[in-house]
Amino acid sequence: MCPVKPLLTPCIHKGGPALWRPLKVGLVIALIWGSPSGAQQDGISDTSRSNQSDQQIIRLEREPAPSRASLSALARVPEAVQITLLVQDLTTGKVRESQGSLTPMIPASTTKMITAAAVVADLQGIGGWWSTELTLPRSEVGQSAVSLLTLQGSGDPTLSLSGEQNSIQLLAQQAAAHGLTRVGQVEVQQTVDPDSWKEAVIDTPMTAFMPQEWLAQRPSTVEEMQGAVHHALVAELRAAGITVEDDTPSITPLADLSTGTSDTSEGLASVQSPALARILAETLRPSDNLLAEELLTSVAAQPDGTGTLQAAGERAIRLLEGWGVDTRQLHLADGSGLSRDTRLTARALVDLLDVMYRTGGTGQTYADPLQVFLQGDNPYAEALAHAGEGEDKYSRGGTLFARLRGSGLDVRAKTGTLPGVSALSGYVVGQSGHPLAFAVLMNGPEDSPILELRAAQDEWVQAIAAQY
């Protein structure tokens, strides 16, 4: 095992390799300066502040290092693998164990936790939804024949081409019900820069409209995707009895959105997605890479933004920063975690878990978050994989269905795996009855034994649950 090693000393055991353990040093540092400044450092927490005239004293205590039991659980990890971790008691707020918690690491699919939470923040709560609309020129409101009909979307990954709910078919039927009989031209508004998503490792065309019918097999190019959506809309309008004079595919260039079409258009028909909680579970439990990227495109689908992958990642981080998540060292290169360029910290993941424990993503703080959590009523916690449950990754157990079976523990977490990378982050109820938020990130050579890393993580989760 090769952890971050501040203040470490070798501990030699007969018949075995050297292990590393923290020096048991009670460390309190008093810093005095003339103006306030941030006091949080890696592995160090601000414990008290007091003002003396124009000076400020901040006393810092080093966060507790991993216990002997935790180090023993992680001892099987090869020395070439770097480990960072953090454990926090969510009832008391006390950090129980910390090691390199602000060190940026490749997080693999634990990235999806960040992506999902950013969407919750963007939609102003887990009860939010995406909407898709048909708009017409404001000057033509109330007319049965209009010159232009525009399809405007928000990156809804649950939209369908046909069906009685949340579909392009329903939009067309609503337009007919409002008295529309003739359309000169139909256009599809592009709010995502598809070229930028070519940088994503998933290597799949991404646009603002990706209907459910494409989950099995989607068009191979952005142009085909945009043309298919336009064709479907024209066909549904005609099926609803509306004449479309010009059916030539028309896609609004992303750059044209800066002219502010919302000031000159009016909504005619609208559909909305189901509540967000369902799609989060469908993304997080089985670790669906495509859905995660679609979630990030919804963050990018902003008429006043650039719609690029880079801008979406930056905006996602800003959204979480607004919740109080420590976003230092974070970089989102994609929404799924397939990219080895993404960087997260154990601190950011635990901060996020803390926020979600207290609010569930509802935007309101629970009066009794423990009871909500234990009763299974916290929607974000429930969207995570439940260890040892179900028969495959599409069950409630998600990617943890075969792990920690028989442990008797209540573990709800997200896994992450790439060559040489293994991560686990989530909740476990400790022996005290308190939920613990934890994150452990392991980065090593690409030939690192992933099964051994997972086994060490499982043993470590059992160790922290038994201690705290």
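What the table shows:
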| item | result |
| --- | --- |
| Single residue of Ser154, Ser147, Ser139 found to be more than 30 Å from Asp354 (Cα to Cα) and touching a helix residue (DSSP H, G or I) at 6+ places or on another chain (Cβ under 8 Å) | Ser147 |
| Qualifying residue in region 69-87 (condition: exposed (fewer than 15 other Cβ atoms within 10 Å of the Cβ), modelled with pLDDT under 95, among the small types (Gly, Ala, Ser) and over 18 Å from Asp458 (Cβ atoms)) | no |
| Index of the failed condition, Lys94 passing every other in (1) closer than 30 Å to Val186 by Cβ; (2) outside the structural domain of Leu233 (by TED's automatic domain parsing); (3) among the basic types (Lys, Arg) | (1) |
| Options Leu319, Leu332, Leu309; residue that is closer than 22 Å to Arg285 by Cβ and either touching a helix residue (DSSP H, G or I) at 6+ places or on another chain (Cβ under 7 Å) or in the same structural domain as Gly363 (by TED's automatic domain parsing) (or both) | Leu332 |
| Criterion: within 30 Å of Ala333 (Cβ to Cβ), outside any loop (DSSP other than H, G, I, E, B) and either assigned by TED's automatic domain parsing to the domain that holds Ile317 or at pLDDT below 95 (or both) - qualifying residue of Ser425, Ser448 | Ser425 |
| Gln371 vs. criteria surrounded by fewer than 17 Cβ atoms within 10 Å (Cβ to Cβ), free of Cβ contacts under 8 Å to residues at least 60 places away in the same chain and assigned to a helix (DSSP H, G or I) | yes |
| Cβ pairs under 8 Å, 6+ apart, first in region 449-468 and closer than 17 Å to Ala402 by Cα, second in a helix (DSSP H, G or I) | Ala456/Ala73; Glu459/Ala73; Trp460/Ser70; Trp460/Ala73; Gln462/Ala73 |
| Candidates Val229, Val234 - the one that is of a type in the set (Val, Ile, Thr), assigned to a helix (DSSP H, G or I) and at pLDDT 95 or above | Val234 |
| Pick from region 257-273, criterion modelled with pLDDT under 90 and either in the same structural domain as Ile317 (by TED's automatic domain parsing) or part of a loop (DSSP other than H, G, I, E, B) (or both), ranking: farthest from Asp203 (Cα to Cα) | Thr264 |
| Among the residues listed as Gly416, Gly360, Gly388, Gly324, the single one being on the phi > 0 side of the Ramachandran plot and buried (at least 24 other Cβ atoms within 10 Å of the Cβ) | Gly360 |
| Residue in region 392-402 that is in contact with a helix residue (DSSP H, G or I) (Cβ under 6 Å, 6 or more places away or on another chain) and either under 27 Å from Gly93 (Cα atoms) or surrounded by 24 or more Cβ atoms within 10 Å (Cβ to Cβ) (or both) present | no |
| In region 148-205, residue nearest to Leu280 (Cα to Cα) [restricted to those that are within 29 Å of the chain's Cα centre (by Cα) and among the hydroxyl-bearing types (Ser, Thr, Tyr)] | Thr158 |
| Meets criteria (among the small types (Gly, Ala, Ser), assigned by TED's automatic domain parsing to the domain that holds Gln185, at pLDDT 95 or above and out of contact with any helix residue (DSSP H, G or I) (no Cβ under 6 Å at 6 or more places or on another chain)) for Ser109 | no |
| Region 134-154, residues that are over 16 Å from His231 (Cα atoms) and surrounded by fewer than 20 Cβ atoms within 10 Å (Cβ to Cβ) | Pro137, Arg138, Ser139, Glu140, Val141, Gly142, Gln143, Ser144, Ala145, Ser147 |
| Subset of region 157-208 [touching a strand residue (DSSP E or B) at 6+ places or on another chain (Cβ under 7 Å) and at positive phi] | Asn166 |
| Filter result (surrounded by fewer than 24 Cβ atoms within 10 Å (Cβ to Cβ) and in a helix (DSSP H, G or I)) within region 280-290 | Ala281, Glu282, Asn289, Leu290 |
| Pick from region 206-226, criterion within 24 Å of the chain's Cα centre (by Cα), outside any helix (DSSP H, G or I) and not hydrophobic (A, V, I, L, M, F, W, C), ranking: modelled with the lowest pLDDT | Arg218 |
| Neighbours by Cβ (under 8 Å, 6+ apart or cross-chain): first from region 282-303, outside the structural domain of Phe401 (by TED's automatic domain parsing) and more than 19 Å from Ser131 (Cβ to Cβ); second in a loop (DSSP other than H, G, I, E, B) and among the aromatic types (Phe, Trp, Tyr) | Arg285/Tyr394; Pro286/Tyr394 |
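The values are calculated or read from the model by the stated rules, or taken from the named source; none is laboratory data. What you see is a predicted model, and the numbers here were worked out from it, not measured in a lab. For neighbour counting, all protein chains shown are included, and Cβ atoms are generated from backbone atoms with ideal geometry for every residue, glycine included.
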